[in-house]
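Before any comments, here is the structure.
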Amino acid sequence: MSNKNTVANNSNFRSSSVRPDSRANTLKIYSIGSVILLIAIVVLINILVTGLLGDPLTFDFSANSQNTITTQTRDYIDSMPDNTHIRIVGLLERPSNLQNSPYEYICPLLDDYEAKSGGKITVEYKDPELYPSIISELDPNNVYNLEEGSFVIQYNGQIQVISPLDCFTIDEDYLVLYNAYIPTSNNVEYVFTNAIARLMSGFNRKAYIITGLQDDSSTAVKTILNALGCDVDSIQVSDSFAIPDDCDLLILNGPNTDITEKVMLAIEDYLANGGKFICAVNFTDFNSKESFANLNSVLNTMNINIDPYIVKENDVNYMLDDSGYSSLVSVNSTFLELSTTDFEMYYTFKNSYTRPVSILNNSGSSFMSVAIGGTSENAICVKVADSGVTQYGEPGRYYTSAYSTIPGLVNKPEVIVFGTTDFTSDSYISTYGMNDDNVKFFKSCARYLLGADSSASVDVPTRGISDYALDGEKVTETSSTVVLAVFMISIPLVFLVAAAFVYEKRKNL
Amino acid sequence: MYAIFKRDFLQYFRSPVGYVAIAIFSFLAGFIFYSQYASGAVSISSEVISLRSFFVIIVPIITMSSFAEDKKRGTEVLYYTTPVDLFSVVAGKFLAALALFAVMFINVFVQMIVTVSNGGKVGYGEWGSVIVFFFMAAMFISVGLLASSLNDNQIISAIVAFVCILLFQLLSTISSYAKSAVNAVVFIITQDVEASAKAGDGIANVINWLDPFARTSDFRTGVFSVSALVFCLSIAVIFLYITYRVLEKKRWSQS
């Protein structure tokens, strides 16, 4: 009996020693299986969340909502036919680190274009080194000289090329002083939406900017004109100066010296054939003695003259600085009547270092000439000579800009003259941005002279650059030292001492 | 779970580990903050997103002792002999480590106050980057806990966690190398530049899909993506579950 029990016990022992192994194997299979299942579920959830809910669950908390297209662009995209397909190609690999590059403002916004276009806009990144055929695919005739890093918008076989630098207004003063690019305004959406609008509308004009008479560039003016559907080129002042036949708008921006006789004759001829001309001069140290005789000769044919003085405001309600050379000007009531139909309406502009612009009132002429901006009734003109500054003329209202045309002609010439570059200079536009009234008025003038209809451009507001600047008065050398001492030295040191103390107390436990 | 959480959280301050981790984090955060402050512009989101790079140092320090220390002292047996769910043990330790991160982060909150009081900006974008920082911390802590549960040597645990987190951090580099390699191989086979580029892009996209740093880099610019948070949370759940299975395995293999 006892032997039988022993055998039975041994047999039980054997079976119980086998059972844990089989359970361990089952558990092992269960463990591995459950982990694999969990990974599969997690991958599936992530694919679903990214693919289906990724866009609705992505929010733009940036300053100025810089990564989100505005309602103006959304409305414009919504108004496109459903079968529209616009292709945006970045000629680069999408940067993995966007920090401190222009793409920080471009790539997330383009993602938003694609996400909110309902398939009408696609965005892709193709590095020409990896995809050499992309260049010939986009520009088969090699017209545009596509460069790596730029963006191409393609619609119906037509393309628009956008360089990242076109998308920003740059601090011109900083650029001149330190040769470094500091963006002051984010125009990414403005540039891209208007490039799309231009392609969609088929609107195409050509503007020329006269160069060689000034130091400053006209980058901002070029950006504005491009956004209006206008190609921009420059014509260098030379002995062979000629205005091309395809010129729809001629611009002379901030000359320091007078135009040459050759240029004068060319512009006169251009205007006689119904040309459109925008001229902006100012009063600076470089041109204070310049009376622009040749330029005035041209403008006189359009009933306008730029006087060789500087406007000085004396009314404190208009003055923007103590000197009176920077001031507000109010828009002439006659022009306001005209502006309700042809120009966008504004009531005041900022003007600084401005030359007076006068209407000649040629008797018996068929001109329609209207002053645009005017000073208060207390302004004066000042003449600058080697002997010093002298007052010229009685206190009164002086005009700082004017419009002139000859109505009734089939090809009517039109001229807009600004006695200041506060409408057109890179310096002004980089300081005040594209949403400033002066700049918006210039856009309005260019749009009017180019004959652009509203479908060729979209009035997208530009945005400021994310500004994390601290109060300059509070950030001093002393406060920086305090920050260094507290955050980088004291706090870590306190915790290290505490660590040493705890270690010392517990090392023998 | 609360008992485990409380014990482990206080344990960080009964040993030098918590203080050293806070000291290192404070120094790094202070360095970035001071650099920005001295330049006159402070972007807290930029600072917080930059601090992600230091998970590779901080997380192994915090998690190396979580399980390894218990194993070394033999107190690990308490998990198996007391009526406590093993997942509660894992969750308690995980939350304790995350709470330590929250304590470390007080430093950054103070920096936010300094920024605002000096005329700087702290907006929704900055809070978004703080949230994603904690989700990434949760993810890497779960990696560190798994490393700690695999052996009883704290140094080895720390090294394993360091290597794993470093691998995550190097995914973008790995993807670009893999892309070049696949490019070259496919080009040798097909002699087609664009086919090789597409193959390279494909492999890079797959690797980048797994890269938490790439998924969360847009938070720096104020983009708040819930899918990135879901991804971090998913990875954390996977590693916590594997840690739980590792402990569970021991329970059965001991019987």
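Kindly provide the set of residues from region B:236-255 that are within 8 Å of chain A (Cβ to nearest Cβ) and either without any contact (Cβ under 8 Å) to a residue 24 or more places away in the chain or under 14 Å from the mean Cα position of the chain (by Cα) (or both), ordered by number. Within region B:236-255, B:VAL237, B:ILE238, B:TYR241, B:ARG245, B:LYS249, B:TRP252, B:SER253, B:SER255 qualify. Across region B:213-223, the qualifying residues are those that are of a type in the set (A, V, I, L, M, F, W, C) and surrounded by fewer than 22 Cβ atoms within 10 Å (Cβ to Cβ), and the one among them that is farthest from the other protein chains (Cβ to nearest Cβ) is B:PHE213. When each of A:ILE106, A:ILE86 is tested for being away from every other protein chain (no Cβ under 14 Å) and not acidic (Asp, Glu), the lone residue that passes is A:ILE86. Scanning region B:103-114 for residues that are closer than 17 Å to B:SER50 by Cα and touching a residue at least 12 places away in the same chain (Cβ under 8 Å) returns B:MET104, B:PHE105, B:ASN107, B:VAL108, B:GLN111, B:MET112. For region A:267-297, taking the residues that are under 18 Å from A:GLN236 (Cα atoms) and more than 33 Å from the chain's Cα centre (by Cα), the one that is surrounded by the most Cβ atoms within 10 Å (Cβ to Cβ) is identified as A:ASN294.
To keep it simple, each residue is scored yes or no on (1) touching a residue at least 40 places away in the same chain (Cβ under 8 Å); (2) in contact with a Cys (Cβ under 6 Å, 6 or more places away or on another chain); (3) more than 8 Å from every other protein chain (Cβ to nearest Cβ).
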position	(1), (2), (3)
B:GLY200	no, no, no
B:ILE207	no, no, yes
B:ASP211	yes, no, yes
B:LEU229	yes, no, yes
B:CYS232	yes, no, yes
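Here is a yes/no grid of residues against (1) away from chain B (no Cβ under 14 Å); (2) over 20 Å from A:ALA220 (Cβ atoms):
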{"position": "A:LEU450", "(1), (2)": "yes, no"}
{"position": "A:ASP459", "(1), (2)": "yes, no"}
{"position": "A:GLY464", "(1), (2)": "no, no"}
{"position": "A:THR476", "(1), (2)": "no, yes"}
{"position": "A:SER479", "(1), (2)": "no, yes"}
{"position": "A:PRO492", "(1), (2)": "no, yes"}
{"position": "A:PHE495", "(1), (2)": "no, yes"}
{"position": "A:TYR503", "(1), (2)": "no, yes"}
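Residues in region B:148-192 that are among the charged types (D, E, K, R) and farther than 21 Å from B:ALA204 by Cβ: 1 in all. Counting only helices (runs of 4 or more DSSP H) wholly contained in region B:9-101, the ones carrying 1 or more residues that are within 25 Å of A:ALA499 (Cα to Cα) occupy B:16-39, B:44-51, B:55-63, B:68-73. Restricting A:TYR432, A:TYR468 to those that are modelled with pLDDT under 85, facing another protein chain (nearest Cβ under 8 Å) and surrounded by 14 or more Cβ atoms within 10 Å (Cβ to Cβ) reduces the list to A:TYR468. When B:GLY120, B:GLY128 are checked against the criterion of being closer than 30 Å to B:PHE33 by Cβ, in contact (Cβ under 8 Å) with a residue 60 or more places away in the chain, facing another protein chain (nearest Cβ under 9 Å) and not in a helix (DSSP H, G or I), B:GLY120 stands alone in meeting it. Set side by side, the residues A:ALA220, A:ALA197, A:ALA266 differ, and just one is in contact (Cβ under 8 Å) with a residue 12 or more places away in the chain, assigned by TED's automatic domain parsing to the domain that holds A:ARG87 and not in a loop (DSSP other than H, G, I, E, B), which is A:ALA197.
The values are calculated or read from the model by the stated rules, or taken from the named source; none is laboratory data. Remember, predicted model here, so these are calculated numbers, not experimental data. As a convention, Cβ positions derive from the backbone with ideal geometry for all residues, glycine included, and neighbour counts pool all protein chains shown.
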